[in-house]
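So the structure is just underneath, and the comments pick up after that.
The values are calculated or read from the model by the stated rules, or taken from the named source; none is laboratory data. This one's a predicted model, so the numbers in the text were calculated from it and none came from an experiment. Reconstructed Cβ throughout: ideal geometry from the backbone, glycine too, with neighbour counts over all protein chains shown. Note: areas computed on protein heavy atoms with side chains; ligands, DNA, RNA excluded. Shrake-Rupley method; radii C 1.70, N 1.55, O 1.52, S 1.80 Å.
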Amino acid sequence: MTPKYRRVVLKLSGESLAGDKGYGIDPQVAYSIAEQIKEVIEMRVQLAIVVGGGNIWRGVAGSAKGMDRAAADYMGMLATVINALALQDALEKIGVDTRVQTAIEMKAVAEAYIRRRAMRHLEKGRVVIFGAGTGNPYFSTDTTAALRAAEIEAEAILMAKRVDGVYTDDPLKNADAKKYDRLTYIEVLNKGLQVMDATATSLCMDNNIPLYVFNITRKGNIKRVILGEKIGTYVGGGAND
Ligand code: UDP
């Protein structure tokens, strides 16, 4: 089976590491995600990960409680580094080579983000985990995924969720919610769908980076997306792409 993509960015939200508790890191969940990643690395797919921090800290929530937004956002970025190290540990334990690169320098724990170095690691079959977001407050890790994907010339972004695609409404709350198989970036923006934030969606649109929204909690789904199986929701430029 030939992979459809050779180089991809996997966006993992903080929540995807939290398991059912909804906060913190569940080592069992990190381990099962690592197993899925290993499957595609063995197919010689180059995979970079952008990890969120919402399971530990959300900047917007902090600033809503009276904290300075930029300070709260820096805390959020540090939270993503904690997740990056947890993922690194889970991957290395099952024999996957990794490097963590952070947008805020942290010499004792990770490499600094250097684009060409990240690409070289990928060529060598290492999983590169990007921590600390873009390094700038007022951004999200969705935007980081779009930015890094454009920079490292990734062919697609895999948006890992706990539901199996994009729905007309929250499927966990509304039983009548319908799943979209395909969407355009413009539809995502106009309908205000919960795929990624508007800044990130625009960046993907401007750089023509396709998105796949899929359920990470089902084993083997990363591989299915890479092989081009039609699971989840595809977001792209238009009807003919
Ligand atoms: N963040 C930021 N700049 C970035 C990326 C992240 O300030 O470039 C902060 C922001 O406060 C955000 C937090 O880090 O709320 C965690 O990231 P995010 O909410 O994107 O994580 P996820 O929802 O994917 O878990």
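Step by step: first the residues of the stretch 102-136, then only those that are acidic (Asp, Glu) and farther than 23 Å from MET43 by Cα, then the one that is most open to solvent (accessible area, probe 1.4 Å). Which residue is that?
For the stretch 102-136, the residue satisfying everything is GLU105.
On the basis of being assigned to a helix (DSSP H, G or I), open to solvent by less than 70 Å² (accessible area, probe 1.4 Å) and either farther than 28 Å from GLU229 by Cβ or touching a residue at least 24 places away in the same chain (Cβ under 8 Å) (or both), does ALA154 make the cut?
no
How many residues does the stretch 78-117 contain that are out of contact with any helix residue (DSSP H, G or I) (no Cβ under 8 Å at 6 or more places or on another chain) and not charged (D, E, K, R)?
The number of residues fulfilling the criteria is 10.
Does the stretch 139-149 contain at least one residue that is open to solvent by 20 Å² or more (accessible area, probe 1.4 Å) and closer than 25 Å to ARG218 by Cα?
yes
Can you tell me which residues in the stretch 53-92 are open to solvent by 70 Å² or more (accessible area, probe 1.4 Å), among the aliphatic types (A, V, I, L, M), more than 8 Å from the ligand (Cβ to nearest atom) and assigned to a helix (DSSP H, G or I)?
ALA64, LEU78, ILE82
Output the residues belonging to the stretch 5-29 that are under 14 Å from the mean Cα position of the chain (by Cα), open to solvent by less than 10 Å² (accessible area, probe 1.4 Å) and not polar (S, T, N, Q).
VAL8, VAL9, LEU10, LEU12, GLY14, LEU17
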